[in-house]
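Before any comments, here is the structure.
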2 protein chains.
Amino acid sequence: MSVTFEVLATDGAARRGRLTTAHGVVDTPVFMPVGTQATVKALTPDDLETAGARIVLGNTYHLLLRPGHDLVRELGGLHRFMSWPGAILTDSGGFQVWSLAKLRKVTEDGVEFRAPLDGSLRFLSPEGVIEIQRALGSDIAMVLDECLAYPAARETTERSLALTRRWAERCRAAHASGGDGQALFGIVQGGTDEELRLRAAAETVALDFDGYAIGGMAVGEPKPRMYALTELVARALPAERPRYLMGVGKPEDLVESVARGVDMFDCVLPTRNARNGQAFTGEGTVTIKQARWTRDAAPLDAACSCYTCRRFSRAYLRHLFVAEELLAYRLLTLHNVHFYLELMAAMRAAIATGAFEAFRARFYARYAVSSLDVPLDDPQRSEA
Amino acid sequence: MSVTFEVLATDGAARRGRLTTAHGVVDTPVFMPVGTQATVKALTPDDLETAGARIVLGNTYHLLLRPGHDLVRELGGLHRFMSWPGAILTDSGGFQVWSLAKLRKVTEDGVEFRAPLDGSLRFLSPEGVIEIQRALGSDIAMVLDECLAYPAARETTERSLALTRRWAERCRAAHASGGDGQALFGIVQGGTDEELRLRAAAETVALDFDGYAIGGMAVGEPKPRMYALTELVARALPAERPRYLMGVGKPEDLVESVARGVDMFDCVLPTRNARNGQAFTGEGTVTIKQARWTRDAAPLDAACSCYTCRRFSRAYLRHLFVAEELLAYRLLTLHNVHFYLELMAAMRAAIATGAFEAFRARFYARYAVSSLDVPLDDPQRSEA
């Protein structure tokens, strides 16, 4: 395969690594901004590069429905279509079918659903999601898995896990026949049951994927439970392969999960919350529409070097947001993505020098963890 | 005053000139993108500079209502508030009161209206609009004038003209007492009556303003009438002062008005039409949502050097627009503003070498004048 991974340094369970793809090198731990419909909402590829993004996530479900993967293939693949020179990971679409589509019917063969846009009946099979992701031409593809609501009974979880394993095998086989250099990651499900999580990890690893995702997290379980399960699963995964915690999370979740050995993340929080007027700063979140910022000449975050913080005051950003100006969404998105990527860069630097625990302490000394943010259990995980 | 103007070259009635302001040099003929609410919608100051903008227009009416001129003054003026290093021209707010506000009442003293945002009763006097524009700190301020609907009876136009003249005198007097280097432009009204237009021009010139605007155009009169009246008024204005045709227009209107001696323009067309999915190209307009562009790998305009045209296909732009992605509005706005500013640059270069007629012929040889664009008689003239 043309995607390789190496661990460059460790600090406790935290890992400093490097993914090498046909579309550039990606230093890990890494955060992947979500580009649902072939665009990270409100940002250009240049904005993303300036913010330090080297890999973005594309949502197969959305691209399949619009503009269609055949069209994307015809126009040279997703990289060329969206003019993004960096790496791309595509999900399998399974999560969005589960959370967004109507009339979902899961069978051994795959999942049938009705497309929201035109009401047409669609079907995703394990082989189909591999074919679609090949058409999109992503650097990293994901297997089709079944997602369960939280909480789920043990019997339900076991039955679902078995189906997910069979689908993973079929994805693995379908992908092997392609040989176009695209990596394929397996997904470890298992709900909140430790034994089932470990069983899922072992079964997934047995199929020998290029990397392993931890799925079905941040779907409503208590935060300490999520951290504990992440730690458990990460330990059960091979050290030489990248570990990807899907759909997570808030800044503190990134810090806690890196501490437990996770290498890759994606989440809509920095982008979606920006459009809702919430900015992330080193001291916590700022709700820009609040009257307290009306006359505030300071930037969002005095320690931030992004274009938004170098050029604009909170008062101006508040004005733009209250006036529903397009520039508000763009400047806040730019800042939030920059904040997330800088947070990851700081963690990488700390791990490389064996100073991760000191970093973690400094982070919490400044950062006010808030329970008022958009809840992590938002099941959407895409920017529709 | 700190704004000076010189004519560098002429070619027929067309003029190549230069405005020098405290915020940089502005080559004329110039197009001013409209930044209604302290932002040219969807663009950053950097985008504007890259596109070649050196002066933008701010709408006093909108800024007065939100965030308020006192707040803008407190935060260092409009340039600093919106982080725009170039020049700014502000209108007086009169046109927007006329077209947007409810319960308008015009008296000798000024105009009373109810603010749409909070229902509060507001009053704009000639002295008030000077004070507000001083608070905003624009490089060029405009007098308060009365705007008439088209068509208007001669008697109505005469009465209105007399009021506009008295208001112009009061603005002139109020402005003279400030002496902070801001330029003040008078406005020539007069409807579609040639005699009244000439009388208005003479009366306005007698008050000795730093520049002269032609107002009340593109409000519904036939296009040939607008061109003829523009030519008539431009000839009646002093050669050594800049001439500004307010609220105009389409690309062909810019070409025709430059040919008749106009130096400055503003219009919402490039920005508003971008958000409605219409792009301007050297061959005419492109309606991006049309199905014919679904698989088109070509840029909007192969001859264009803007970021949008260098990086993205019509197919991708169509996808973004159909998917209602924020990036669609931004990329189309970027292109349209670039197109307008390049058109002005091409006209400046042509005038400088005495080749304006050849340029005009080349323009029409390629450009398909369309009657399907957003009508020019849209009375809004701001980006609300």
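The values are calculated or read from the model by the stated rules, or taken from the named source; none is laboratory data. A quick note: this is a predicted structure, and the numbers were derived from the prediction, not measured. Neighbour counts run over all protein chains shown; Cβ positions are idealised from the backbone, glycine included. The area values use the complete protein model at the heavy-atom level, side chains included, leaving out ligands, DNA and RNA. Shrake-Rupley method; radii C 1.70, N 1.55, O 1.52, S 1.80 Å.
Summary of computed values
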{"quantity": "Distance from region B:223-289 to region A:281-329 (C-alpha centre basis), Å", "calculated": "36 Å"}
{"quantity": "Heavy-atom SASA rank of A:His23, B:His338 (probe 1.4 Å, accessible area, largest first)", "calculated": "A:His23, B:His338"}
{"quantity": "Apportionment of accessible area to carbon and sulfur, chain B, percent (1.4 Å)", "calculated": "51 percent"}
{"quantity": "Heavy-atom accessible area order for B:Lys289, B:Lys223, largest first, 1.4 Å probe", "calculated": "B:Lys289, B:Lys223"}
{"quantity": "Teacher prompt: A:Asn276 distances to equivalent labels in other copies, 7 Å Cα→Cβ, nm", "calculated": "3.4"}
{"quantity": "Mean Kyte hydropathy of -0.5 or more with a Cα span along the axis of at least 30 Å, helices from DSSP in chain B", "calculated": "B:326-352"}
{"quantity": "Compactness of region A:270-364 - radius of gyration and Dmax, Cα, Å", "calculated": "14.2, 47"}
{"quantity": "Ascending list, in nanometres, of distances separating the B:Thr4 label from those of the other copies (7 Å, Cα toward Cβ)", "calculated": "6.6"}
{"quantity": "Of all DSSP beta bridges in the protein assembly as shown, antiparallel share, percent nearest 5", "calculated": "50 percent"}
{"quantity": "Prolate/oblate/rounded call for region B:1-121, Cα gyration tensor, a/c under 1.5 rounded", "calculated": "prolate"}
{"quantity": "Estimated inter-spin distance, A:Thr4 and A:Ala346, nm [label 7 Å along Cα→Cβ]", "calculated": "3.3 nm"}
{"quantity": "In region B:292-359, trypsin sites (Lys or Arg not before Pro) in a DSSP loop with at most 16 other beta-carbon atoms within 10 Å", "calculated": "B:Arg295"}
{"quantity": "Chain B: antiparallel DSSP beta bridges as a percent of all, rounded to 5", "calculated": "50 percent"}
{"quantity": "Nm distances between copies for A:Glu324, ranked from closest, using label points 7 Å along Cα→Cβ", "calculated": "1.2"}
{"quantity": "Residue (of B:Val322, B:His338, B:Ala352) at the positive-pole extreme of region B:270-372, dipole from beta-carbon charges", "calculated": "B:Val322"}
{"quantity": "Percent of alpha-carbon pairs separated by more than 38 Å within chain B", "calculated": "15 percent"}
{"quantity": "Gain upon complete extension [A:Glu252, A:Arg235; 0.36 nm per residue less C-alpha separation]", "calculated": "4.1 nm"}
{"quantity": "Interchain or long-range residues, amide H under 5 Å from A:Gly17's placed H", "calculated": "A:Leu8, A:Thr28"}
{"quantity": "Virtual spin-label span in nm between A:Lys105 and B:Gln290, 7 Å along Cα→Cβ", "calculated": "4.2 nm"}
{"quantity": "Separation of alpha-carbon centers, region B:10-27 and region A:137-161, rounded to whole Å", "calculated": "66 Å"}
{"quantity": "Structure-based [θ]222 nm, chain B - -39500 (n - 2.57) summed over DSSP H runs of at least 4, per residue, nearest 500", "calculated": "-12500 deg cm²/dmol"}
{"quantity": "A:Leu8 accessible area, 1.4 Å probe, all protein chains in place, Å² to nearest 10", "calculated": "80 Å²"}
{"quantity": "5 angstrom amide H check on B:Val248, placed H, neighbours 5+ away", "calculated": "B:Asp266"}
{"quantity": "Accessible area buried, both sides summed, chains B and A with 1.4 Å probe, Å²", "calculated": "3400 Å²"}
{"quantity": "46 Å tail of the calculated P(r), the protein assembly as shown, as % of Cα pairs", "calculated": "32 percent"}
{"quantity": "Fraction in percent of alpha-carbon pairs per bin - 5 Å, region B:118-178", "calculated": "4, 17, 22, 18, 16, 14, 7, 2"}
{"quantity": "Vicinal HN-Hα couplings computed from phi for region A:31-38 (Karplus, 6.51 cos²θ - 1.76 cosθ + 1.60; Hz; Gly/Pro x)", "calculated": "10, 9, x, 8, x, 3, 9, 6"}
{"quantity": "Any cysteine of chain A lacking a neighbouring Cys Cβ under 4.7 Å - listed by number", "calculated": "A:Cys147, A:Cys171, A:Cys267, A:Cys306"}
{"quantity": "Residue-level accessible surface for B:Val219, protein heavy atoms, 1.4 Å, Å²", "calculated": "30 Å²"}
{"quantity": "For region B:33-69 versus region A:74-112, the gap between their alpha-carbon centres in whole angstrom", "calculated": "39 Å"}
{"quantity": "Sorted largest first, extent of region B:106-240 alpha carbons per principal axis (Å)", "calculated": "39, 38, 23"}
{"quantity": "Rounded to whole Å, sorted largest first: equivalent-ellipsoid semi-axes of region A:59-124, Cα gyration tensor", "calculated": "24, 13, 10"}
{"quantity": "Probe 1.4 Å, accessible area per residue of the protein assembly as shown, Å²", "calculated": "35 Å²"}
{"quantity": "Eligible aspartates and glutamates near A:Lys105 by straight Cα distance, threshold 20 Å, same-chain separation 8 or greater", "calculated": "A:Asp91, A:Asp118, A:Glu127, A:Asp145, A:Glu146, A:Glu155, A:Glu158"}
